[in-house]
2 protein chains.
Amino acid sequence: MPEDREDKSDELLNLILNVLPSLPFWQSAIKLNDFFIGLTGNFKLLCESVVYNKTLMKKLLEANYDIMIIDPVTPCGELVAELLAVPFVITLRVSVGGNMERCCGKLPAPPSYVPVPMVGLTDRMTFLERVKNTMLLVFFNFWMQDYDFHFWKQFYSEALGRPTTICEILGKAEIWLIRTYWDFEFPRPYLPNFEFVGGLHCKPAKPLPEEMEEFVQSSGEDGVVVFSLGSLVQNLTEEKSDLIASALAQIPQKVLWRYKGKKPATLGANTRLYDWIPQNDLLGHPKTKAFITHGGMNGVYEAIYHGVPMVGIPMFGDQPDNIAHMKAKGAAVEISFNTMTHADLLRALRTVINDPSYKENAMRLSKIHHDQPVKPLDRAIFWIEYVMRHKGAKHLRPAIHDLTWVQYHSLDVIGFLMACVAISIFLVTKCCLFTCQKLGKTRIKTKRE
Amino acid sequence: MPEDREDKSDELLNLILNVLPSLPFWQSAIKLNDFFIGLTGNFKLLCESVVYNKTLMKKLLEANYDIMIIDPVTPCGELVAELLAVPFVITLRVSVGGNMERCCGKLPAPPSYVPVPMVGLTDRMTFLERVKNTMLLVFFNFWMQDYDFHFWKQFYSEALGRPTTICEILGKAEIWLIRTYWDFEFPRPYLPNFEFVGGLHCKPAKPLPEEMEEFVQSSGEDGVVVFSLGSLVQNLTEEKSDLIASALAQIPQKVLWRYKGKKPATLGANTRLYDWIPQNDLLGHPKTKAFITHGGMNGVYEAIYHGVPMVGIPMFGDQPDNIAHMKAKGAAVEISFNTMTHADLLRALRTVINDPSYKENAMRLSKIHHDQPVKPLDRAIFWIEYVMRHKGAKHLRPAIHDLTWVQYHSLDVIGFLMACVAISIFLVTKCCLFTCQKLGKTRIKTKRE
């Protein structure tokens, strides 16, 4: 990677937390798009420095790998796999607009009940929501074309020495391991080479460190609340952290807050700050009543695994979508990071803790998660090893990959059948007219005679 | 069941073996349709004598069942389940035209690569085959409406005391256990509440009876051929059985033929007739080289399980489709029961025995069958017990069941969007015309001045 390129995660965080909230919608969209273009440019540079590095590629080729496991949110892996002629398996939570799964993996997504990811819709939509969903689907289809055209098409074609697209290469994946399951996802059509392995990282809780266990036990009947905004958010503005701390101070529960910033002035006696928390062990603790989360997929799945209701404060990426799913399933309340007030946070916390439906729904999801024929991690391992054993999983690959868009949607067939009907109508009409004319002439002739 | 109604299987067999072959296509179709109407009438009578039998229904209700397992090819179970308010699971190989799975279970079936069952198409179709497939899909959709309207709609509505259709009731199935798997099926889209458990009855082979083992061992290097036309076909015409026997006499293999009819005059020394054979144990015997089968699903799956290539002589129901699948996967040769000659049977047998690709393909399917994360029977048991544990499997039920046909296909949304576009174009055109007119007038005015 060229050295002058820096890590983009701080830039993104600054954008989300400080820049975008003060901008109107369109300017936000433009700023985000600019950021995305910069980020993808970085990905592309990184990819070029891999595939055009002959020494590295030779080394990879000689290693004679059986399989590659790639997350296509950062493209390149599929190109390397194709160049090395190694079968590959995809692991993915979701791509922008679900484009890669839908356009490249050919995952069916009827807009009437499969919501476009990341826009907060569910599988039960009103008419206007279905209109929105359909328009978004069309928009994202074009977006994917544009994404390919601007960044990848030419580069991938040059690297492979034949015309191709990123979608064609991604479509060669043997198995798509999607990191969700029906405890999280709305039931939707899928394909035999898609396996839903959400929560594959989840484990039973281990005992807490002694000091932490003592603090948790001191909460008595009220229990504790676990609070983390993930590893990216290290600091908040003083105003924001004071607002949060003062709300937390008002609940009877003890709070464990993962926070590295300055200690807020309003911090209550019930709240302790930690540089790091054993999140999974805390969520699996019987005293845990709620989880305040930014909605990262791993945290959400740990909460599902242990059946803990959530207060979601999503920021970017898949986080709003993750929280929207949990909200739709009745296991979370969502509040906006940018506009939330002290009262909002307090109300949300009291709701998920005191309204028993949230705990019940979280437990229902937990039961669904635990009651599977095979654990998600074992399924993921099985299919990865399957591809290694058989050098692929061609028997699961649908024939749609060999059809054009027009063929897949049967547009040529519909056109042909409509043409047949039109020609038939035309011929029948012509025949009728001809017969009528003939009859008319004969009649006139007869009359004259 | 009213006593004057007789078993229809003999009638069907007579129709297939003796009546239809001598009739032209359209008369065959009408005869078959008449038979089907009679058969469905019987099913309906049977169903009425269950659901209107108050003593029986009371007894069933009091038994307080946890689950019902039904095969909807003979409808009624789903109605009884609905009346008893018991969750039910469907087990099905395939319904006529795949109608029940598609129309009632909402299984997606894009006609571009999902062939309508029972017409011998595969997932790789030419343009004209896709036209045929699309037309068949439309035909079968209407057929399903008609089937419901003529037999079930009114009866089900009366029995339940509210307007309903057979599809609505079938659509309430918690899980559809489809008795195929990707060793047999072409990869196709499906839904979370569909589980493909084909071959769930298959088992490793047990040792053969002593006399049979001796006969099999006497075949030496050449091995044996197993031949069965299933339990329905007990007798053949003398001409047909002579033809078959004389062809079998010409192969070097020993043949075990399950046949209850008169011993054919042309029977070779290498062929033995049996009233009954332990089919699975024979197919699993290392000396077995080929299986001549009518293409019943159980036999085909036993052949897949043990990796035995097939000669298919399908007759009716799902048999032609089963053989078409095996043919498409390169594990079978098909011959027509009605038109086959001595040479046809001999050629087919020699092909599957001597061309190694047939054995290789059969072994490939066998490997796919054996290399699953969970055995089909265990998966079927898991989901049946799941429904019992949780009183259903609602988390797998797609929202499409609550949409109308128009909504599902987004026809209302497309109509709305097209209307919006049309109105926009109209308004823009009007505005342009108005502005042009105004400008024109102003110019004329200016000129005059």
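The values are calculated or read from the model by the stated rules, or taken from the named source; none is laboratory data. Please read these numbers as outputs of a predicted model, since none were measured by experiment. Backbone-built Cβ (ideal geometry, glycine too); neighbour counts: all protein chains shown. Keep in mind that these areas ignore ligands, DNA and RNA; they rest on the heavy atoms of the full protein, side chains included. Shrake-Rupley method; radii C 1.70, N 1.55, O 1.52, S 1.80 Å.
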Going by the conditions given, is B:GLY223 under 29 Å from the mean Cα position of the chain (by Cα), small (Gly, Ala, Ser) and open to solvent by less than 10 Å² (accessible area, probe 1.4 Å)?
-> no
Mind listing just one residue for me: the one in the range B:75-96 that is without any contact (Cβ under 8 Å) to a residue 24 or more places away in the chain and not in a helix (DSSP H, G or I) and, of those, most open to solvent (accessible area, probe 1.4 Å)?
-> B:ALA85
Is it the case that B:ALA380 is within 23 Å of A:ASN361 (Cα to Cα), touching a strand residue (DSSP E or B) at 6+ places or on another chain (Cβ under 6 Å) and of a type outside the set (Phe, Trp, Tyr)?
-> no
All positions within the range A:161-210 that are open to solvent by 10 Å² or more (accessible area, probe 1.4 Å), of a type in the set (D, E, K, R) and within 14 Å of another protein chain (Cβ to nearest Cβ) | A:GLU174, A:GLU185, A:ARG188, A:GLU195
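In the list B:LYS329, B:LYS367, which residue meets the criterion of being buried (at least 16 other Cβ atoms within 10 Å of the Cβ), within 14 Å of chain A (Cβ to nearest Cβ) and under 25 Å from A:LEU396 (Cα atoms)? Even if it seems obvious, please write down each step before you answer.
On the way: B:LYS367 fails: buried (at least 16 other Cβ atoms within 10 Å of the Cβ).
None of the other options fit; the residue is B:LYS329.
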Which number in (1) open to solvent by 30 Å² or more (accessible area, probe 1.4 Å); (2) in contact (Cβ under 8 Å) with a residue 40 or more places away in the chain; (3) part of a loop (DSSP other than H, G, I, E, B) marks the one condition that A:SER49 misses?
-> (3)
Just wondering, is there one or more residues in the range B:111-120 that are buried (at least 22 other Cβ atoms within 10 Å of the Cβ), within 28 Å of B:TRP383 (Cα to Cα) and not hydrophobic (A, V, I, L, M, F, W, C)?
-> yes
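Working only within the range B:332-364, note down all residues that are part of a strand (DSSP E or B) and open to solvent by 20 Å² or more (accessible area, probe 1.4 Å). Steps first, please.
Just the residues of the range B:332-364 that are part of a strand (DSSP E or B), to begin with: B:332-334.
If the condition is that a residue be part of a strand (DSSP E or B) and open to solvent by 20 Å² or more (accessible area, probe 1.4 Å), then B:VAL333, B:GLU334 are the ones that fit.
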Tell me, which residue of the range A:310-324 that is open to solvent by less than 10 Å² (accessible area, probe 1.4 Å) and assigned to a helix (DSSP H, G or I) is modelled with the lowest pLDDT?
-> A:ASP321
Tell me, please, whether a residue that is away from chain B (no Cβ under 14 Å), charged (D, E, K, R) and more than 17 Å from A:PRO108 (Cα to Cα) can be found in the range A:129-145.
-> no
Residues within the range B:370-383 that are assigned to a helix (DSSP H, G or I) and either at positive phi or open to solvent by 40 Å² or more (accessible area, probe 1.4 Å) (or both), tallied = 4
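Of these, B:ASN298, B:ASN280, B:ASN235, which one is polar (S, T, N, Q), open to solvent by 10 Å² or more (accessible area, probe 1.4 Å), part of a loop (DSSP other than H, G, I, E, B) and out of contact with any Ser or Thr (no Cβ under 8 Å at 6 or more places or on another chain)? Outline the logic, then answer.
Details: B:ASN298 fails: part of a loop (DSSP other than H, G, I, E, B); B:ASN280 fails: part of a loop (DSSP other than H, G, I, E, B).
Going through B:ASN298, B:ASN280, B:ASN235 in turn, just one is polar (S, T, N, Q), open to solvent by 10 Å² or more (accessible area, probe 1.4 Å), part of a loop (DSSP other than H, G, I, E, B) and out of contact with any Ser or Thr (no Cβ under 8 Å at 6 or more places or on another chain): B:ASN235.
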Go through the residues of the range A:36-45 one by one and say whether even a single one is in a helix (DSSP H, G or I), more than 30 Å from A:MET135 (Cα to Cα) and basic (Lys, Arg).
-> no
Among (1) under 23 Å from B:VAL51 (Cα atoms); (2) within 14 Å of chain A (Cβ to nearest Cβ) - the single one B:MET125 does not satisfy | (1)
Could you list, in sequence order, the residues of the range B:42-96 that are of a type in the set (Val, Ile, Thr) and out of contact with any strand residue (DSSP E or B) (no Cβ under 6 Å at 6 or more places or on another chain)?
-> B:VAL50, B:VAL51, B:THR55, B:ILE67, B:VAL73, B:THR74, B:VAL80, B:VAL94, B:VAL96
Counted residues in the range A:337-371 being in contact (Cβ under 8 Å) with a residue 40 or more places away in the chain, out of contact with any helix residue (DSSP H, G or I) (no Cβ under 9 Å at 6 or more places or on another chain) and within 17 Å of A:VAL255 (Cβ to Cβ) come to 1
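Looking at A:SER218, A:SER241, A:SER228 in this structure, which one is of a type in the set (S, T, N, Q), assigned by TED's automatic domain parsing to the domain that holds A:THR293 and open to solvent by 10 Å² or more (accessible area, probe 1.4 Å)? Steps first, please.
Values: A:SER241 fails: open to solvent by 10 Å² or more (accessible area, probe 1.4 Å); A:SER228 fails: open to solvent by 10 Å² or more (accessible area, probe 1.4 Å).
The match here is A:SER218.
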For the range B:105-120, how many residues are out of contact with any Phe, Trp or Tyr (no Cβ under 9 Å at 6 or more places or on another chain) and more than 19 Å from A:VAL114 (Cβ to Cβ)?
-> 5
Which one of B:GLU158, B:GLU101 is surrounded by 19 or more Cβ atoms within 10 Å (Cβ to Cβ) and in a helix (DSSP H, G or I)?
-> B:GLU101
Can A:ILE368 be described as at pLDDT 95 or above, touching a strand residue (DSSP E or B) at 6+ places or on another chain (Cβ under 6 Å) and among the β-branched types (Val, Ile, Thr)?
-> no
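Look through the range A:396-408, keep the residues that are facing chain B (nearest Cβ under 7 Å) and not in a helix (DSSP H, G or I), and return whichever of them is most open to solvent (accessible area, probe 1.4 Å).
Taking the range A:396-408 first, the residues facing chain B (nearest Cβ under 7 Å) are A:396-400, A:403, A:407-408.
When the remaining residues are screened for being not in a helix (DSSP H, G or I), the result is A:397-398, A:403.
Details: A:ARG397: 60, A:PRO398: 1, A:LEU403: 38 Å².
Here the residue is A:ARG397.
Does B:TRP257 satisfy the condition of being touching a Lys or Arg at 6+ places or on another chain (Cβ under 9 Å), assigned to a loop (DSSP other than H, G, I, E, B) and without any contact (Cβ under 8 Å) to a residue 60 or more places away in the chain? Before you say what the answer is, go through the steps one by one.
Details: touching a Lys or Arg at 6+ places or on another chain (Cβ under 9 Å): yes; assigned to a loop (DSSP other than H, G, I, E, B): no; without any contact (Cβ under 8 Å) to a residue 60 or more places away in the chain: yes.
No.
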Evaluate the range B:105-127: report whether one residue or more is touching a residue at least 24 places away in the same chain (Cβ under 8 Å) and assigned to a helix (DSSP H, G or I).
-> no
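Look through B:PHE25, B:PHE36, B:PHE88 and report the one residue that is of a type in the set (Phe, Trp, Tyr) and under 20 Å from B:LEU232 (Cβ atoms). Let's see the steps before the verdict.
Values: B:PHE25 fails: under 20 Å from B:LEU232 (Cβ atoms); B:PHE88 fails: under 20 Å from B:LEU232 (Cβ atoms).
After applying the criteria, what remains is B:PHE36.
What do you reckon, is A:VAL387 of a type in the set (A, V, I, L, M), in contact with a Pro (Cβ under 8 Å, 6 or more places away or on another chain) and under 30 Å from A:HIS201 (Cβ atoms)? Steps first, answer last, please.
Numbers: of a type in the set (A, V, I, L, M): yes; in contact with a Pro (Cβ under 8 Å, 6 or more places away or on another chain): yes; under 30 Å from A:HIS201 (Cβ atoms): yes.
So A:VAL387 fits the description; yes.
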